[in-house]
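The values are calculated or read from the model by the stated rules, or taken from the named source; none is laboratory data. Nothing here was measured: the structure is a model prediction, and the numbers come from that model. Ideal geometry is used to build each Cβ from the backbone, glycine not excepted, and the neighbour counts take in all protein chains shown. Keep in mind that these areas ignore ligands, DNA and RNA; they rest on the heavy atoms of the full protein, side chains included. Shrake-Rupley method; radii C 1.70, N 1.55, O 1.52, S 1.80 Å.
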Amino acid sequence: MKKSALAIFTTAAMATVLASPSMADGDVNIYSYRQPFLIEPLLDTFTKETGIRANIIFATQGLEARIKAEGENTPADLLLSTDVGRLEAAKQDGIAQPVQSDILNKNIPQNFRDKDSQWFGLTTRARVVYASNERVDLDSITYEDLADPKWKGRLCTRSGQHDYSIGLFASMIAHKGVEETKIWLEGVKANLAHRPNGNDRSQVKSIYAGECDLALGNTYYMGIMQTNQNEPEQQEWAKSVRILFPNTEGRGTHVNISGMLLTKHAPNKDNAIKLMEFLSSAEAQQMYAEGNYEYPVLGDVEPSEIVKSWGDFKPDPISLNEIADARKAASELVDVVDFDAGAD
Ligand code: FE
C-alpha cells in the first residue's frame, strides 16, 4: 500500500512538473549585452508561444571571455550584442557557430548578416550628425563635409577607437580607400572643439552647453534623451539639436547593427535557433526596435513614431561584412593620425 501511495505521489508530482511548459519544452540560455528591459518582454512572448523557458544573464562586459572560458560546458546558447565589430570579433575568436535557417535568411537582409552565417543583425542604428538648432543652418550634410575647415573648433565626438567610430571610419575606407580616409580623418580631427571623450549623449550635452555645434552620435540616443524621466535635463539637451542624416543624397547614411549569434557549444541548439527565428519575426522586430528607438532589419516593419519623427533617410546599403573587414585598417588610421589627441 505504501509503495503504491508513493507511486501515485510521484506520478502526481511529475504531472505537475510536466504541466509546466518550461520543463516540457526545455530551456534556452541567453547571455546579453542588451538591457533586460528591452529583452525580457520579447522572451516572455517567446515562452508563451513556444513553451520554451528563456533564461537570461545580462552584463555590460566580459561575456565573450566567459563563453570562451566555459568552453564545452557553457550554458550559453545565444549571445545578444551590439555592433558588427563585437559580433565579428566573437566569430573570429571561435565562440560562434553557423546557423542555416531559411527563416533567418528570408527575414534578415544579406547586408546585415555574416557571410558565413555566424552572426545576424536584428536592429539597425544610424550614425548621424547632431546639429545645433541655434547655430547650424543646414538641411543636409555629408560625412565628407565634417572635414571642411569652416567647422574648425565646432565639432565634437567620442573616442575614435570606440566601436561606433571605428564602424563609421571603416565604412569610409570601404567606400573611398585608406588614403582618402586618412586625409578626411585628419580634417575631422583639425575641426574638433575638444579632445574626443565621453559617450554619444555627452557630445549633445556639449552642443547644449555651446561648446560645439555638430556632433557624431547614434540615432537611438535621441529617443533616450527625448524621453528621459530619470535625468530630465537630457530632454533639454535633445531640444537643442536636430538629427541630420549624412549622405542621404548620395551613398546613404552609415548604419550599424545590434545582433545575435549561436554559441559554438550551445547546449540547447534547437531551442536557440527557434528563438533566433522568433527574434527575426515581424512581431519581435517591432517590439525590439521600439524598445530602444532603433530600426527593424525586417523591411516591412515600421519604426516607432518617435523614430519616424526624426525623418526618413537612405541607409548605406553596403554589406556590414565589408565594414567588418575594414575595421582593423580604421583602428590603425585613428592611431596614425593621433585622432584622440584632438585638434593641434
Ligand atoms: Fe550605444
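Observations on the model:
- GNM remark for the chain: springs join alpha carbons under 10 Å apart, and the peak mean-square fluctuation among Ala193, Ala59, Ala266 falls on Ala59.
- Counting only protein heavy atoms and a 1.4 Å probe, the chain has 45 square angstrom of accessible area per residue.
- Residues whose amide H falls under 5 Å from that of Gly259, counting only those 5 or more places apart or on a different chain, are Ser81, Thr82, Asp83, Leu122, with hydrogens built in the peptide plane.
- Taking the chain as a Gaussian network of alpha-carbon nodes connected by springs under 10 Å, the highest mean-square fluctuation of the residues Gln286, Gln161, Gln100 belongs to Gln100.
- Dividing the Cα radius of gyration of the stretch 257-344 by its Kirkwood radius returns 1.10 for Rg/Rh.
- The stretch 29-135 - share of DSSP beta bridges that are antiparallel (%, nearest 5): 10 percent
- Carbon and sulfur %, accessible surface of the chain computed with the full protein complex present, 1.4 Å: 51 percent
- Cross-link partners of Lys68 among lysines (Cα-Cα below 19 Å; sequence separation of 8 or more within a chain): Lys91, Lys264, Lys269
- Tyr33 accessible area, assembled protein chains, probe 1.4 Å, Å²: 30 Å²
- With every protein chain in place and a 1.4 angstrom probe, the accessible-area ranking of Phe58, Phe245, largest first, reads Phe58, Phe245.
- Calculated from backbone phi, Karplus (6.51, -1.76, 1.60) coupling profile of the stretch 139-153 in Hz, x at Gly/Pro: 9, 8, 7, 10, 4, 4, 4, 5, 8, 5, x, 5, 9, 3, x
- For Arg154, the residues 5 or more places off, or on other chains, whose built amide H falls under 5 Å of its own are Ala193.
- Spin-label pair Gln110-Lys314: with each label point 7 Å from Cα along the Cα-Cβ axis, the two points sit 2.1 nm from one another.
- Dipole magnitude for the stretch 82-153: about 160 debye, using +1 per Lys or Arg Cβ and -1 per Asp or Glu Cβ, origin at the Cα centre.
- Most mobile listed residue (Lys150, Lys314, Lys205) in the chain, GNM with C-alpha springs under 10 Å: Lys150
- Surrounding net charge for Thr60, when Lys and Arg each add one and Asp and Glu each subtract one, Cβ distance under 13 Å: +2
- Range in the chain, longest, excluding exposed GluC sites (Glu not before Pro) [loop by DSSP; at most 16 other beta-carbon atoms within 10 Å]: 1-133
- Taking a sphere under 13 Å around the Cβ of Met225 and counting the other residues whose Cβ falls inside, with K and R at +1 and D and E at -1, yields a net charge of 0.
- Rel. contact order, % - alpha carbon contacts under 8 angstrom, at least six apart, the chain: 27 percent
- Antiparallel DSSP beta bridges within the chain, percent to nearest 5: 65 percent
- Full extension of the chain segment joining Lys150 with Ile103 gains 12.0 nm, where the gain is 0.36 nm per residue of separation less the Cα-Cα distance.
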